[in-house]
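Engineer: Quick one: this structure, given as structure tokens, is what I'll be asking you about.
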Amino acid sequence: MKWFNSKRQLQQELARVKQELATIRAEADAAESRGRTFEELMDVLGIKSHSGSVVTHQSALQVAAVFACVSLISGAIASIPLKVYQRKANGIREESDHHPLLLKLCLEPSPMVTALVFWETLVTDMLLDGNAYAVIDRDLNGRVRRLIYVNPASVNVRLVEGELSYIVAISPDREQLPRATRDDIAFVGFYPSDILHFPGVGWNGKTGMSVIKSAALNSVGNALSADQFTGLYFKQGISSPGYIKFPQKLTREQFEMMREYWKSHVVGAEQAHLPPIITEGGEFAPLNIKADDVQLLETRKFQVLDIARIFGVPPHMIGAQETTTSWGTGIEQQSIGFVRYTLRPHLTRIEQELNRKLFRSHLHFSEFDVNALLRGDIKARNEAHQIALGGNQNPGWKTVNEIRREENLRPVDDGDALYQPVTGEQHEPAQTDEPDSEEPEELRHPGTDQ
């Protein structure tokens, strides 16, 4: 009888939970039916620029300069090794090669995707939409099982009693998030500790500012309009447009017939050099408008520079070869400037979010190893290694095995000692009254018989 009561109580509890879920779903549906805020509509539908082009996440990536900047930054960050360290005494830190989070951060965040694709996608969202999200899926003991990417368009951030809450929309055709199945509710709420949120520049208390809908709105819109104009320019024909004039008024049938003939036999790059045939006294009069007259090439060049400036990328790194850089000469100096001024803010933003939400204690932390991007050529690396090993009365600050690990080489015996220069000082033996044991007996006891 006791077991029957427990089962009935369990059924009642499940019924109560289902009722609460139905209430939450009704409230969510009601909120959706009332419409989104202006900012949410901008995120989903995009916003029209001054040029008339609608700028969205997808349309922005159709601009070559935007795609080059985003792929450069996201690809560089995704390729930097992300390491886990353990804090020791006296400020010493030691790399942790067997930490359970290392596999999730560096190889496979979830069975759906590799670490490179995961971080590349998150950084792309952060650069374009201003926010990137990933759900932290934990087991019953609180250990991280996987990190699940979430599209920013499906996340609604709320501020409730001074704390953030995240409402994530779930669709049946996507990877299921924790506590949601195909037949469950369409919206799932998460605490801040269960969501990795990487906001971009312009934090307003809930979300970051979308670059393509703020600073880059008109630049991207102008670039889209310029691309569209260029495409139509070649589609309509490379020769200058003009008009056809007739001495008499045309009937509607004649007008439609002439227009269809012109579109099918004259317009287009493949038919640009075919001579038009005009009957009934018609005459073609060109307008003599060239691409230079509308400054098409100059406009496209300026948009490349402007977009590169917004993303903080030197124009020469996305193919604008006619530009120069003030970050120094040589690949090494330019790489240092790119890491310091472009990548470092993004890397710090990611590191701080990972360290405050993934690690249970402050004894462990994660950090990007930017030295992988700053490695020079083999000659420069060998010279740097020689200085680090020490020599010529200069102490070493790296061991042989440390350098071999950097070069992906196996350690060697006796390779863990730092070089210490020989000072050359010789200490005189202390003067004592005891006789030297090395002296002959007759010198130690003069005037005595043996």
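Engineer: Checking the conditions here, which among Leu354, Leu373 is of a type in the set (A, V, I, L, M), modelled with pLDDT of 85 or more, under 23 Å from Ile77 (Cβ atoms) and surrounded by 10 or more Cβ atoms within 10 Å (Cβ to Cβ)?
Structural biologist: Leu354
Engineer: For segment 119-155, what are the residues that are of a type in the set (A, V, I, L, M), in a strand (DSSP E or B), within 19 Å of Gly200 (Cβ to Cβ) and open to solvent by 10 Å² or more (accessible area, probe 1.4 Å)? I'd like the intermediate steps shown before the answer.
Structural biologist: Step one: filter segment 119-155 for residues of a type in the set (A, V, I, L, M), giving 122-123, 126-128, 132, 134-136, 140, 144, 147-148, 150, 153, 155.
Next, from what is left, pick out any that are in a strand (DSSP E or B): 132, 134-136, 144, 147-148, 150, 155.
Of the ones still in play, those that are also within 19 Å of Gly200 (Cβ to Cβ) are 132, 134, 150, 155.
Scanning segment 119-155 gives a single hit, Val155.
Engineer: Same structure, new question: So which residues in segment 350-391 are closer than 23 Å to Lys104 by Cβ, assigned to a helix (DSSP H, G or I) and touching a Ser or Thr at 6+ places or on another chain (Cβ under 7 Å)?
Structural biologist: Glu351, Leu354, Asn355, Lys357, Leu373
Engineer: Additional query: Go through segment 104-114 residue by residue and tally those that are within 18 Å of Glu353 (Cα to Cα) and either in a helix (DSSP H, G or I) or among the polar types (S, T, N, Q) (or both).
Structural biologist: Residues flagged as within 18 Å of Glu353 (Cα to Cα) and either in a helix (DSSP H, G or I) or among the polar types (S, T, N, Q) (or both) within segment 104-114 amount to 3.
Engineer: Continuing with the same structure: Determine whether segment 441-448 contains at least one residue that is assigned to a loop (DSSP other than H, G, I, E, B), modelled with pLDDT of 85 or more and over 22 Å from Glu94 (Cβ atoms).
Structural biologist: Filtering segment 441-448 for residues assigned to a loop (DSSP other than H, G, I, E, B) gives 445-448.
Now narrow it down to the ones that are modelled with pLDDT of 85 or more: none.
No, that holds for no residue.
Engineer: Every residue in segment 412-433 that is modelled with pLDDT of 85 or more and either open to solvent by less than 100 Å² (accessible area, probe 1.4 Å) or of a type in the set (Ser, Thr, Tyr) (or both), please.
Structural biologist: Residues satisfying the conditions are Val412, Gly415, Ala417, Leu418.
Engineer: Further question on the same structure: Under 6 Å between Cβ atoms, which residue pairs at least 6 apart in sequence (or on different chains) link something in segment 185-214 that is more than 20 Å from Ala169 (Cβ to Cβ) with a partner that is open to solvent by less than 10 Å² (accessible area, probe 1.4 Å) and assigned to a strand (DSSP E or B)?
Structural biologist: Ile212/Val55
The values are calculated or read from the model by the stated rules, or taken from the named source; none is laboratory data. A quick note: this is a predicted structure, and the numbers were derived from the prediction, not measured. All Cβ positions, even for glycine, are placed from backbone atoms using ideal geometry, and neighbour counts span all protein chains on display. These accessible areas exclude ligands, DNA and RNA; they are computed on the full protein's heavy atoms, side chains included. Shrake-Rupley method; radii C 1.70, N 1.55, O 1.52, S 1.80 Å.
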